[in-house]
Structure formats: C-alpha cells, structure tokens
Amino acid sequence: MENPTYFKPADDGRNITKSTKEIITFKTKIMKNYFSTIAIFFLTFTSCDKDENAITNNLEGTWKLTEILADPGDGSGTFNPISSNKKLIFDNNGNITSNGLICDMSIETNSSTTGTYSISNSTINSTNCQNSTIKYELNGNTLILVYPCIEACKSKYTKIQ
C-alpha cells in the first residue's frame with residue numbers, strides 16, 4: 001500500500017492527505033455553484049419592476065376605429081368595416097382619451113371622453129360608462145374593445161401611431 005502524500009498548509013500547520021484535499025476542493029466547488037445559482041435566482045426575480053406599466057405597453061399610442069361587430073342574437077355576427085374618425089389615445093401612465101364616447105360602439109366624434117386602462121386586467125374604465133368596465137383584446141396592431149352587451153358587441157381599432 002502506498003503512503004499518502006501530505007500537504008502542509010501555511011496557515012495552521014496541520015497535515016492533510018491528498019484525498020482529504022480533493023474532498024475539500026470538491027465541496028468548495030459545490031458550494032460556489034450553489035451560491036452562484038442562488039444569486040442568479042434572486043437577481044432574476046428581485047430585479048423585476050412590479051409596476052403595471054413596466055410591462056411592455058404595446059397599447060400606448062393612437063388607435064383608429066375601423067370595424068364594428070353587432071351580433072343579431074344568433075351568434076352569426078361578424079366585423080363590418082365602417083368609416084369613422086373616432087380615435088383612442090393611450091398614454092404610458094394608464095390614461096385613455098377619445099374624440100368620441102369610450103363606453104359604446106358609437107362611431108361619432110362629437111364628444112370627448114377620458115378614462116383609465118389596466119394592462120394586467122385588460123380593462124378600460126371611464127366615469128362616462130355608468131360603472132361598467134370594458135374589456136379589451138390586444139393582438140399586434142389590432143385592438144378589440146368588448147362591451148358588456150347581452151349579445152356580442154365589439155369595436156375593432158387599428159394602431160396608427
């Protein structure tokens with residue numbers, strides 16, 4: 001049997017075998033990997049901003065009304081193109097303004113309204129809407145407002161800015 005090789009560390013003068021040194025080195029590497037993994041985990045999850053508007057806000061900008069869907073009650077409703085200058089403007093602070101009524105499918109632009117929107121809930125609220133919340137669906141440059149109707153009623157907007 002071969003005699004183990006001894007190392008003499010400079011700090012405390014104890015003799016340790018080569019196999020003991022390998023075990024210590026191995027444990028040290030495991031601990032470094034463990035702490036590195038924990039550090040990455042905390043940096044990943046604690047560096048996220050909890051502010052709702054910090055979520056990528058593709059809603060921000062100006063949207064023009066282009067189509068309306070009003071279902072006749074049998075589920076056969078489809079979007080129909082319309083001619084309107086009605087616009088919605090979403091800012092980066094959760095506010096929305098319109099040159100028409102936000103609360104309904106009106107295509108008129110004769111009254112200005114304001115409100116707020118929530119990205120996390122996909123909703124729009126306005127004091128002009130008599131306590132009803134409007135849901136929205138966002139898909140790229142298409143925004144659909146879903147009104148609280150008995151039958152399906154929706155407005156489709158296209159992003160212009």
Can you check what the net charge comes to around S98, using other residues whose Cβ is under 9 Å from the Cβ of S98 (Lys, Arg +1; Asp, Glu -1)?
-> +2
Karplus-derived 3J(HN,Hα), 6.51/-1.76/1.60, for each residue of the stretch 74-89, Hz, glycine and proline x = 10, x, 8, x, 9, 5, 10, x, 9, 10, 7, 9, 5, 9, 10, 10
Distribution output for the stretch 103-154: share of Cα-Cα pairs per 5 Å bin in percent, first bin at 0, values 4, 18, 27, 29, 17, 5, 0
For C149, C129, C103, give the ranking by accessible area with the largest first, probe 1.4 Å.
-> C149, C103, C129
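The values are calculated or read from the model by the stated rules, or taken from the named source; none is laboratory data. Because the structure is predicted, anything quoted here is derived from the model rather than measured. Cβ: placed from backbone, ideal geometry, glycine included. Neighbour counts: every protein chain shown. The area values use the complete protein model at the heavy-atom level, side chains included, leaving out ligands, DNA and RNA. Shrake-Rupley method; radii C 1.70, N 1.55, O 1.52, S 1.80 Å.
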